[in-house]
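Presented below is the structure to which this report refers.
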Amino acid sequence: MSQDNTTVAAISWTGHGDGFLTLLDQTRLPEAVTYVNCDNVECVWQAIKKLAVRGAPAIGISAAYGVVLGVRDGAMLPSGAAAATVEEAKQAALAACDYLATSRPTAVNLFWALDRMRGVITTLDEPSSGRVGERLLAEAQAIHEADRLQCAAIGRHGSDLLEALGSGVGIVTHCNTGMLATGGDGTALAVLFALSERGMKPQVFADETRPLLQGARLTAWELMQRGVDVTLICDSMAAPILRDGKAKAVIVGADRITARGDTANKIGTYGLAVQAHYHKVPFYVAAPTTTFDLTITFGSDIPIEQRTPEEITNAFGRRTAPEDVQVDNPAFDVTPAELITGIITERGVISPVTEEAVRAMIGA
Ligand code: MRU
């Protein structure tokens, strides 16, 4: 817990194309800072599935590195043996893309990153399977670096916007959207870090974020590491905080944003948006353009991940509900565009949130 943020990298690669991926194991935070080293694709799949690495951009970046591991992973080929030729290396990498795509369904960054890797694989003209690994590593690193820069730009645009609320302003956030969830400083948290760096002293109310406590375990930890004022609240505290004027804005991240701006994010986000609307508090979403899915118009078409009942009945190793009780445990909900004041992207702020404005900022 005493570890300095500068020594903690959520995602890192060691070596060349034949190297390995290291992920900070977020399931152990804040109790322990431990790492998972992956040298095969299944290890990355498992890390994504069990939330050792999580957050939409971080999932996409990790999967891209997972594809690099696929090149020499015998399990990706019908023969079970490591690729011996360039063609086999390409086949294994494509199989890795297909396999990693089954890890989690909601964050579109995963599919965006895998599509980008597929695009490289299919146009490869490398002389050896080793060179295939190098080329795919370069692409994964480019995805990683681009996300870092996007986070910084989101921080700039968002702090330009929220600075107007004044110094010491209270801001509610939900789930974790910081450096643990991205390749850089984060999305919603990047805005809060940037505000803090500008001397605006934001007072952050971090929802604990049931059932897996990403807010309590991860967001509170990250903000404290960076010296940002944070008060941890249980999710049901947000409404009275907004009613009492203790917070003047809400800012959250996103897992998938449709063409009309409907936004899937961690379960509880929609309720928070309704509360903000009722109390006339602006509600912002911060996300890179890689989180937009313009093939979908309405939020009702976003695939929502169902997770195991045990996350609610037996989370963190203690039974907290009767055995065999029926459970509904969607990981995400959808906030309609009408409840979103603005979407902060690396290109600028979309506000008001309409299909026309989304398409103008993001593309066709
Ligand atoms: O289930 P998780 O922890 O992956 O959910 C993460 C979120 O909902 C985040 O808010 C979202 O991915 C944005 S991360 C910058």
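Observations on the structure shown:
- Charge dipole of the chain about the Cα centre (unit charges at C-beta), most positive-ward option of Ala82, Thr308, Thr27: Thr27
- Crossing angle, helix 269-278 versus the chain [Cα axis fit, 0-90 degrees, rounded to tens]: 20 degrees
- Here's the list of aspartates and glutamates a cross-link from Lys201 could span, going by alpha-carbon distance under 18 Å and ignoring same-chain residues fewer than 8 apart: Asp160, Glu163, Asp185, Glu222, Asp229.
- Accessible area in square angstrom per residue, the chain, 1.4 angstrom probe: 40 Å²
- Charge dipole of the chain (Cα centre as origin; +1 on each Lys and Arg Cβ, -1 on each Asp and Glu Cβ, all else neutral): 700 debye, rounded to the nearest 20.
- GNM result for the chain, Cα springs below 10 Å: residue of Thr345, Thr123, Thr219 fluctuating most strongly: Thr123
- Three-way shape call for the stretch 249-323 based on the alpha-carbon gyration tensor, with the a/c threshold at 1.5: oblate
- Angle between the chain longest axis and helix 86-100 axis [Cα atoms, degrees, rounded to 10]: 30 degrees
- Overall, the anisotropy analysis places the stretch 39-173 in the prolate class: the square-rooted eigenvalues a ≥ b ≥ c of its C-alpha gyration tensor yield a/c not less than 1.5, with a/b exceeding b/c.
- Choice from Arg131, Arg319, Arg54 with maximal GNM fluctuation in the chain (Cα, 10 Å cutoff): Arg319
- Ranking Ala47, Ala9, Ala107 by how far each Cα lies toward the positive end of the dipole of the stretch 1-147 (charges on Cβ) leaves Ala107 at the top.
- Mean Cα-pair separation over length for the stretch 280-349, i.e. relative contact order, pairs under 8 Å, 6 or more apart, %: 51 percent
- The angle separating the long axis of helix 56-70 from the principal Cα axis of greatest extent in the chain is about 10 degrees.
- Carbon + sulfur, % of accessible area of the stretch 48-132 - ligands and nucleic acids excluded, 1.4 Å: 55 percent
- Computed about the Cα centre, the dipole magnitude for the stretch 167-317 is approximately 480 debye when only Lys and Arg (+1) and Asp and Glu (-1) carry charge, each at its Cβ.
- Each residue, Tyr278 and Leu124, gets one label point 7 Å from its Cα in the Cβ direction; the gap between the two is 5.4 nm.
- Computed E for Gln46/Arg359 - FRET, C-beta separation, R0 25 angstrom, nearest 0.05: 0.10
- Exceedance of the 21 Å cut-off in Cα-Cα distance is limited, within the set Lys246/Lys280; Lys50/Lys90; Lys246/Lys266, to Lys50/Lys90; Lys246/Lys266.
- Shape call, the stretch 190-257: gyration tensor on alpha carbons, a/c limit 1.5: rounded
- Here's the picture: charge each Lys and Arg Cβ at +1 and each Asp and Glu Cβ at -1 in the stretch 119-186, and of Gln150, Gly186, Gly133 the one pushed furthest to the positive end of that dipole is Gly186.
- Debye, to nearest 20: dipole size of the stretch 154-244, +1 on Lys, Arg Cβ, -1 on Asp, Glu Cβ: 40 debye
- Charge sum, other residues only, whose C-beta stays under 12 Å from Ala254's C-beta, Lys/Arg counted +1 and Asp/Glu -1: -2
- For the stretch 131-188 and the stretch 285-331, distance of Cα centres in Å: 23 Å
- Only helices enter this figure: runs of n ≥ 4 DSSP H residues, each worth -39500 (n - 2.57), summed and divided by the residues of the chain, yield -11500 deg cm²/dmol at 222 nm to the nearest 500.
- Mean-square fluctuations from a GNM of the chain, with a 10 angstrom spring cutoff on Cα atoms, peak among Cys151, Cys38, Cys234 at Cys234.
The values are calculated or read from the model by the stated rules, or taken from the named source; none is laboratory data. No experiment lies behind these values; they were computed from the predicted model shown. Ideal geometry is used to build each Cβ from the backbone, glycine not excepted, and the neighbour counts take in all protein chains shown. Note: areas computed on protein heavy atoms with side chains; ligands, DNA, RNA excluded. Shrake-Rupley method; radii C 1.70, N 1.55, O 1.52, S 1.80 Å.
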